[in-house]
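Values in this text are rule-based calculations from the coordinates and carry no lab data. For clarity, every value in this text was computed on a predicted model and none was experimentally measured. With ideal geometry, Cβ positions are generated from the backbone for all residues, glycine too; neighbour counts draw on all protein chains shown.
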Amino acid sequence: MTGVDRRRFLTGSLATLGAGGIGAAVGANLGEQGTAAASTQANAAAQAQQVNVRALNSRVPFDGPHQAGILTPAPDQATWVALDSIVPDRSTLMQTLQSITQQARQLSQGEGIGLQEIEDPPPDSGVLGPVNSPDSLTVTVAFGHTLFDSRYGLRALRPKRLIEMPTFNNDRIDPARAGGDILLQVCAGQRDTVVHTVRELLRTVAGKLVVRWTLDGFQAAQRGPTQRSSKRNLFAFRDGTGNPEVTNAELMNRLVWVQSGARGEPSWTTGGTYIVARAIRMHVEFWDRVGMLEQEQMIGRDRVTGAPLGGKGEYEDPRYDLDPKGDRIPLDAHIRLANPRTDATAQQRILRRGYNYHRGIDEAGNLDQGLMFVAFNQDPKRQFATIQNRLSAEPMVDYITPVGGGYFFAPRGARGQADWVGSGLAV
Amino acid sequence: MLLAVLVVVGAALSPWSGGGKNHPGTTGPFGVAAQAKPDNGDNQLPVSVKKVFGSDIDAKTYGELIAAKEDQGVDLQGHLISDLSPLPPRAFNRPVARYKAYAERWAAKLADQVPSLRAALQSGDRDRAEQAWSVAYDDYLHLGAVYGLLPGTIDHRIDGMPEALAGAAHNPDFTGLHRIELGLWTGEPVTSLVPFAARMRHDVVDLRRALPGLEVEPLDYATRAHEILEDAQRDLMSGTDVPWSGAGVLGTAAGLAATQEVIGTLVPLMQGRENTLIEVQVWLGRLQKVLTQVRHEHNGTWPSLSHLTTEQHDRLNGTLAGTLGALSEVPGTLETTSVTGFPSIKASK
């Protein structure tokens, strides 16, 4: 295709969209879906679409004391993008972070696409139509320990507990799928929202940040029996039952957020949190060849209900005190090692917000599926690493292989239009 | 560990536990103990059975009823059950002893091969050294079912991969077969690898010393029937553990030999228990045939993974997956405990 042909094609398509397309839809919330629903009878299909419109209109605030995408409910779709910085100096890095925030704020708040010069490439790919509906989109920005090396003079500002992710027992971390100067966690209700957001963000940082690795995740659908029921991971067990309650602010201050005056922490880290992101391959074919009894004993829960073994409800206390020898729930069962529920281990708890992933097939013909384990904690050494070391000999290790990810630090949220995520580094 | 738990659970919740400590079957209404006897498949009764022995229940009705229930994994009282009577753990003594003797023979073979490998490295001839390495690697993988049982670091010293070590391949603790593999296939001077072969001699001595004392629980041994080839699929056919040589097919063939040995030792136990043995033997035979064909298609040598055609790769992966499906029935077929469910939280007080 010649240059002339290409230009003609572009202007042609713009002309077709015309006034009814880009111009009119700006500000008219979700023109396409809204019109479709209103003009049809109240049949089931239209109602379903109305629900969809409501979900697409759902907005998570971008600015605030803490970043979104941490305590906020996990929508169905996600992508993690780890980036390495190639900018020459700190001020360019700050400009880049500013533009990430601007773009992320706009996309997550759902704004119409403006039109600049008709002959210029449009400012937005337009994949979602003339309006970028918010669709619960969150973009969480975090930094890896490598950003605080000698390149940008940020050494003194490194969050105290931000280190390279240690190699844990059974880890087989592929360097090409681990680490990164900056991590973007993009979550939204629909896959196309996430894909569009990643595309626009990468356009924003072109020439400054380069992609090191990405991973796409999805949530199981909420299949009940209640709204509170935890969703299943790819081993078919409910995952997240033991999570600390996110509405308990006092608990979040003890477990998730870096507190003002925390020992050794630079002041800009206050209100932030450490992210432990681990791509954990789950050998699902292997798992599917394990007897049900053994599966349940490895986890410590009933596969159907999610109840601790011997119990009835998912949220029932496993009562390890009544089972000191592991007759009911083996001493090396996952839930028992992960959270022994003692006073001493209460301060080790982490907030998990993981997603399933599916990456296709490996060379041996097996499904490349697993869990993007994402945990937020105040101190990865006191919390995540302590738990992980306790899990090092659990029987389930035969069925999983951690292959990627890293430790990152997500700073506090932006304070408003003039602020940006990471502005604490500009001081 | 798991076994211990199963025994406790089984004892506590046996469906016939109302009578106390009686053996399952002896207090049951229909003589379940009879299921324990191996069945040669023929109906040896002179007459056809009309009623359940000792009762006036129609045999056909009862048979259909219990079969339908068992298909859902529950007994007539609605308790979760396993559908075979358990084997006594001691039944595994002879199979395990036979397997250990087999493993010791291959360890002896490996011990003989290490000096040949060392001589080949000394000669500086890369082709010859790669050939000698392949034989040694093949010998070691024939040990198969001993994985995870060897004391200390023996397995890691002989067959360890570098990922878990700090500094990975540069860590001085990265030795053994894969260290030599790395050197041979990435162009390191062949003679520079001699010290690794020298060290391996000592490691293999430790291996041979350790083998007679290995202990394995019955359920664990039965599980190894499918885990050897699972590991071959995950670590070898994927190329993960043979990144430099690509010797995944060779390794899978060795894993198949070890699996055939395990199953061979278990034949007396598996006979008459479901259809597992036949299924397993059919699939092991298929996999053997595919491997033989592929080797034949590569002029009698094991091809590296990268030299497989797509069609050969498909045949190997597909047949291996099918084989693993058949093998996954082995542990359930060889249950040593009767399992009924978990005690309730209140009952465990």
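Of everything in segment B:297-314 that is more than 11 Å from chain A (Cβ to nearest Cβ) and part of a helix (DSSP H, G or I), the residue that is surrounded by the most Cβ atoms within 10 Å (Cβ to Cβ) is B:GLN312.
Residue by residue through segment B:323-338, note down the ones that are closer than 21 Å to B:THR240 by Cα and more than 9 Å from chain A (Cβ to nearest Cβ). Before the answer, list the steps.
Step one: list which residues in segment B:323-338 are closer than 21 Å to B:THR240 by Cα, which gives B:323-324.
Of everything in segment B:323-338, just one residue is closer than 21 Å to B:THR240 by Cα and more than 9 Å from chain A (Cβ to nearest Cβ), namely B:THR323.
Candidates in segment B:265-291 are the residues that are touching a residue at least 12 places away in the same chain (Cβ under 8 Å) and of a type in the set (S, T, N, Q); of these, the one that is surrounded by the fewest Cβ atoms within 10 Å (Cβ to Cβ) is B:GLN271. Only residues that are of a type in the set (S, T, N, Q) and surrounded by fewer than 24 Cβ atoms within 10 Å (Cβ to Cβ): list them for segment B:224-244, please. Of everything in segment B:224-244, those that are of a type in the set (S, T, N, Q) and surrounded by fewer than 24 Cβ atoms within 10 Å (Cβ to Cβ) turn out to be B:SER238, B:THR240.
Quick grid of which residues meet (1) surrounded by fewer than 22 Cβ atoms within 10 Å (Cβ to Cβ); (2) of a type in the set (Ser, Thr, Tyr); (3) in contact with a Lys or Arg (Cβ under 7 Å, 6 or more places away or on another chain):
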{"site": "B:ALA120", "(1), (2), (3)": "no, no, yes"}
{"site": "B:GLY124", "(1), (2), (3)": "yes, no, no"}
{"site": "B:ARG128", "(1), (2), (3)": "yes, no, no"}
{"site": "B:TRP133", "(1), (2), (3)": "no, no, no"}
{"site": "B:ALA136", "(1), (2), (3)": "no, no, no"}
{"site": "B:TYR140", "(1), (2), (3)": "no, yes, no"}
{"site": "B:LEU143", "(1), (2), (3)": "no, no, no"}
{"site": "B:GLY152", "(1), (2), (3)": "yes, no, no"}
{"site": "B:ILE158", "(1), (2), (3)": "no, no, no"}
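Restricting attention to segment A:303-330, the residues that are surrounded by 17 or more Cβ atoms within 10 Å (Cβ to Cβ), more than 8 Å from chain B (Cβ to nearest Cβ) and assigned to a loop (DSSP other than H, G, I, E, B) total 4.
For the residues B:VAL262, B:VAL294, the requirement of being touching a helix residue (DSSP H, G or I) at 6+ places or on another chain (Cβ under 9 Å), surrounded by 19 or more Cβ atoms within 10 Å (Cβ to Cβ), more than 14 Å from chain A (Cβ to nearest Cβ) and in contact (Cβ under 8 Å) with a residue 60 or more places away in the chain singles out B:VAL262.
So that you can scan it fast, the table gives a plain yes or no per residue for (1) among the small types (Gly, Ala, Ser); (2) touching a Phe, Trp or Tyr at 6+ places or on another chain (Cβ under 8 Å); (3) more than 14 Å from chain B (Cβ to nearest Cβ); (4) touching a residue at least 60 places away in the same chain (Cβ under 8 Å):
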{"residue": "A:PRO166", "(1), (2), (3), (4)": "no, no, no, yes"}
{"residue": "A:ASN169", "(1), (2), (3), (4)": "no, no, no, yes"}
{"residue": "A:ASP174", "(1), (2), (3), (4)": "no, no, no, yes"}
{"residue": "A:ARG177", "(1), (2), (3), (4)": "no, yes, no, yes"}
{"residue": "A:GLN190", "(1), (2), (3), (4)": "no, no, yes, yes"}
{"residue": "A:VAL195", "(1), (2), (3), (4)": "no, no, yes, yes"}
{"residue": "A:ARG199", "(1), (2), (3), (4)": "no, no, yes, yes"}
{"residue": "A:ARG203", "(1), (2), (3), (4)": "no, no, yes, yes"}
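Annotation: B:PRO172 fulfils all but one of (1) more than 20 Å from B:VAL330 (Cβ to Cβ); (2) part of a helix (DSSP H, G or I); the unmet one is (2).
Would you confirm, using the coordinates I've provided, whether B:LEU320 is closer than 23 Å to A:GLY291 by Cβ, outside any loop (DSSP other than H, G, I, E, B), in contact (Cβ under 8 Å) with a residue 60 or more places away in the chain and within 12 Å of chain A (Cβ to nearest Cβ)? So that I can check it myself, show each step before the final result.
Values: closer than 23 Å to A:GLY291 by Cβ: yes; outside any loop (DSSP other than H, G, I, E, B): yes; in contact (Cβ under 8 Å) with a residue 60 or more places away in the chain: yes; within 12 Å of chain A (Cβ to nearest Cβ): yes.
Against the criterion (closer than 23 Å to A:GLY291 by Cβ, outside any loop (DSSP other than H, G, I, E, B), in contact (Cβ under 8 Å) with a residue 60 or more places away in the chain and within 12 Å of chain A (Cβ to nearest Cβ)), B:LEU320 qualifies.
Every listed requirement among (1) over 17 Å from A:GLN67 (Cα atoms); (2) over 20 Å from the mean Cα position of the chain (by Cα); (3) crowded, with 18+ Cβ neighbours inside 10 Å is met by A:ILE280 save one, (2).
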